[in-house]
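Below is one structure, written out as structure tokens; comments come after it.
The values are calculated or read from the model by the stated rules, or taken from the named source; none is laboratory data. What you see is a predicted model, and the numbers here were worked out from it, not measured in a lab. Don't worry about glycine lacking a Cβ; one is built from the backbone with ideal geometry, like all the others, and counts go over all protein chains shown. Side chains included, ligands, DNA and RNA excluded: accessible areas come from the protein's heavy atoms. Shrake-Rupley method; radii C 1.70, N 1.55, O 1.52, S 1.80 Å.
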Amino acid sequence: MSSSTPRIFVAGHAGLVGSALVRRWTAAGIGSLLLRRRSELDLTDKGAVDAFFGRERPDHVLLAAAKVGGILANDQFPADFLRDNLVIQTNVIDAAYRFGVRKLLFLGSSCIYPKFAEQPIREEALLTGALEPTNQWYAIAKIAGLKMCEAYRRQHGFNAISIMPTNLYGPGDNFDLKTSHVLPALIRKFHEAKVAGADQVEIWGTGAPRREFLHVDDLADACFHLMQSYDDEPLINVGCGEDVSISELATLVGRIVGFQGSVVFDRSKPDGTPRKLLDVTRLSSLGWKPRIRLEDGIRDTYDWYRSSVSQ
Ligand code: GFB
């Protein structure tokens, strides 16, 4: 197989992250992409995954397939988040190693770090304290995934790298109010309130938690950069280095959408981690920085929402 045209399997290519990876790799014109919908390849089925790798022999794997969701979905479906993520990543990482994949990228999440980690959170904070209870199931699965990459590298010399993205958003996000993350939820809530002429929008929790948001096209660009230039064991945080409170985010989204009313807080809903701002020193030293400002990214996502989701 020619090394100049690698066969690249984007696992989870229809999702928020996977579709951004496809856009980035397509723009670069590097390699041929192997894409399979869930109906074509069930990543929880080890036999099907092995057969796929045996037949297609990818050179690179971008492992963006995962069960993901916002704070409430994580809290309400702990078994699904733990099981699906463990099974998918175990099947894919193990098959990638056994079928001779040259490099694999594993995507974790900033929720792997302790709930009260020192801010900004350095990679060394991993496993130094208790996790946030609402998403501990997802976090435990992701920790197992990055440890699996480390273990396969140590024992088998398998070139698997792990990155930990901060909260992501962008075109292709999930806008279902029960299962989504906060940013798409706010875009939808403010948009629907504006269209309905409502004077209030309800926000979960106290509005005090702080979150860092990275546009998914910036994440894909960081993945592209690291796939070209990084071949080592330590995990890499991927963020923009700045955070906002949920109240500030609501004000910003409301202004972009053009909602004139007020915001009320539903304190019966969980706040989750008080703050999770990633330290991105390691990534910066590898020569990468984000390009998309939060306000521009929200406008872009709102445009996508209006053209693709809302009626
Ligand atoms: O984005 P989010 O669901 O997840 O919530 P996490 C972030 C914050 O926004 C929480 C508040 O404090 C929520 O209470 N929030 C306010 C809302 N209004 C809303 C709303 O309408 N919908 C949602 N979803 N939140 C997730 C983890 O944590 O972060 C995942 O559960 C993953 O495992 C992801 O790691 C990146 O940032 O709290």
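Some notes on this structure:
- Taking region 166-197 as the range and being more than 11 Å from the ligand (Cβ to nearest atom) and open to solvent by less than 60 Å² (accessible area, probe 1.4 Å) as the test, the residues that pass are Gly170, Pro171, Gly172, His191, Ala193.
A quick yes/no check of all residues on (1) more than 15 Å from the ligand (Cβ to nearest atom); (2) in contact (Cβ under 8 Å) with a residue 40 or more places away in the chain; (3) more than 23 Å from Leu219 (Cβ to Cβ):
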{"site": "His60", "(1), (2), (3)": "yes, yes, no"}
{"site": "Leu63", "(1), (2), (3)": "yes, yes, no"}
{"site": "Val68", "(1), (2), (3)": "no, yes, no"}
{"site": "Asp75", "(1), (2), (3)": "no, yes, yes"}
{"site": "Ala95", "(1), (2), (3)": "yes, yes, yes"}
{"site": "Ser110", "(1), (2), (3)": "no, yes, no"}
{"site": "Leu131", "(1), (2), (3)": "no, no, no"}
{"site": "Thr134", "(1), (2), (3)": "no, yes, no"}
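- With a requirement of 3 or more residues that are within 25 Å of Asp176 (Cα to Cα), the helices (runs of 4 or more DSSP H) lying completely within region 1-116 that satisfy it span 16-28, 71-76, 78-98.
- Residue match in region 26-34 (condition: open to solvent by less than 50 Å² (accessible area, probe 1.4 Å) and modelled with pLDDT under 95): yes
- The set of residues from region 243-301 being over 21 Å from the mean Cα position of the chain (by Cα) and aromatic (Phe, Trp, Tyr) comprises Phe259, Phe265.
- Entirely in region 198-301, the helices (runs of 4 or more DSSP H) that have 3 or more residues that are crowded, with 18+ Cβ neighbours inside 10 Å: 216-229, 246-257
- Pairs, first over 19 Å from Asp296 (Cβ atoms) in region 170-192, second near the ligand (Cβ under 6 Å from one of its atoms), C-beta under 6 Å, six or more apart: Asn174/Ser180; Leu177/Ala185; Ser180/Gly70
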